[in-house]
Amino acid sequence: MLRIFTVLADYLTYDLFNMNANSHLAKSIHFFIEDTSKIFVLLVIMVYGIAVIRASINIETIRDYLSGKNRFIGYFLASIFGAITPFCSCSSIPLFLGFTQANIPIGITMSFLITSPMINEVAVLLLGSILGLKFMIIYVVIGMISGIVGGWFFDATKAEKHLLVFKQNDIQQRVAEKKQLSLKDRHEFAKYELQEIVGRVWKYIIIGVGLGALLHGYIPEEFISTYFHGRAWWNVPLVVLTGIPLYSNVNGVIPVAQSLINKGLPIGTAIAFMMSMSAASFPEFMMLKQVMKPRLLITFFILLLVLFTINGWVLNIIF
Amino acid sequence: MKKIEILGMGCPKCKVLYKNAEQAVAELGIEADIVKVEEMAKIQSYGVMMTPALVIDGIVKTVGKVPSPVEISKYIKGE
């Protein structure tokens, strides 16, 4: 089904623009047309579809669902919820405190906080359509395992000791009653989400695809193996370390990763880089500083570094 | 007079919500006091875990999303 976009790009590049199929420019343009048309069509369908389902899911329900659960089931569920809930680093503090107040163990909250920025419908869609289904499944599964292991680690090390005591106000339970959602309400919600999400990510995707297209057309095939020593073990921790402070949108990184993978960048290294870029960012660390003592924050940073590096290594060995 | 509070620690979405609320109030032609609430303790006192949140006369109406001006007008009119 996705071939239609290749056909479209073939037609535009070689027939309409009448370009020489072997030129660098034609390769780049073909890549750009195929990727952008494919991504935007799928993006609209997928974001709308997910939003229709998500309209009735809210964070209070998730919190109530997670409190009092067996720990390991808790880590698992928290990772799933993290994946389907949209994440904004500015929400991490209220969320953290809300969960803690409901006596949810810190590990379960951390599972949620690790998975949430890493896995979202846009990233999953891009991975699936650009890099293929196998790649998408690997990314999601590995991302969830990272959330689960990370959560377990925080509980095992009794990380709650290193939380800053936060003056807790009595919660005034004055939330408006939830009304039953009609199909029309869901449509309204999904329409708004679609505008909001597409309005926010389109520029990252265009920039990402544009960069990817340039790399695709102009960088020689053997570039990575020549200059990058593609399979050296220290490449993985190096890209993870670079990725964590680089505050970027995972959606823009994926098309670039596609080009680099085609040029020989090992899959594990690519995934480790994407995860570190999206999972942790400086704004989020600055937020978390308000509830975590420095030691816990540093542990969190190192844990992510170690987890993503291991992910990269394991994948590089398998593939 | 209605009191409309926008809860959120200054994220981009909070700013959009603030603008939407202003627009809703202007379209309804009513007098309303629109306030940004950025202190964590206060946000938390509403039991809100996802920002931005819209609070009208002390009642939390929406959490973690940006309702459109039309939706906000409906909340203001109490529909």
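The values are calculated or read from the model by the stated rules, or taken from the named source; none is laboratory data. Bear in mind that the values here come from a model prediction, so they are computed numbers and not experimental data. As a convention, Cβ positions derive from the backbone with ideal geometry for all residues, glycine included, and neighbour counts pool all protein chains shown.
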Residues that are over 16 Å from the mean Cα position of the chain (by Cα): list the helices (runs of 4 or more DSSP H) wholly contained in segment A:88-140 that include at least 1 such residues.
A:92-101, A:106-118
Would you check if residue A:235 is at pLDDT below 85 and within 19 Å of residue A:204 (Cα to Cα)?
no
Of (1) surrounded by fewer than 17 Cβ atoms within 10 Å (Cβ to Cβ); (2) modelled with pLDDT of 85 or more, residue A:282 satisfies every one except (2)
Residues of segment A:67-115 being closer than 20 Å to residue B:63 by Cβ, away from every other protein chain (no Cβ under 11 Å) and touching a Pro at 6+ places or on another chain (Cβ under 9 Å), which ones?
A:82
Scanning segment A:52-66 for residues that are at pLDDT 80 or above and over 20 Å from residue A:188 (Cβ atoms), which turns out nearest to the other protein chains (Cβ to nearest Cβ)?
A:63
Select from segment B:20-36 the residues that are surrounded by 15 or more Cβ atoms within 10 Å (Cβ to Cβ) and among the small types (Gly, Ala, Ser) and write down the one among them that is nearest to the chain's Cα centre (by Cα).
B:21
Whether any residue in segment B:3-18 is more than 8 Å from every other protein chain (Cβ to nearest Cβ), without any contact (Cβ under 8 Å) to a residue 24 or more places away in the chain, among the β-branched types (Val, Ile, Thr) and closer than 17 Å to residue A:196 by Cβ is what I want to check.
no
Filter segment A:280-298 down to residues that are of a type outside the set (Val, Ile, Thr) and assigned to a loop (DSSP other than H, G, I, E, B) and give me whichever is nearest to the other protein chains (Cβ to nearest Cβ).
A:290
In segment B:40-74, which residues are of a type in the set (A, V, I, L, M), part of a helix (DSSP H, G or I) and at the interface with another protein chain (Cβ under 7 Å from one of its Cβ atoms)?
B:40, B:41, B:43
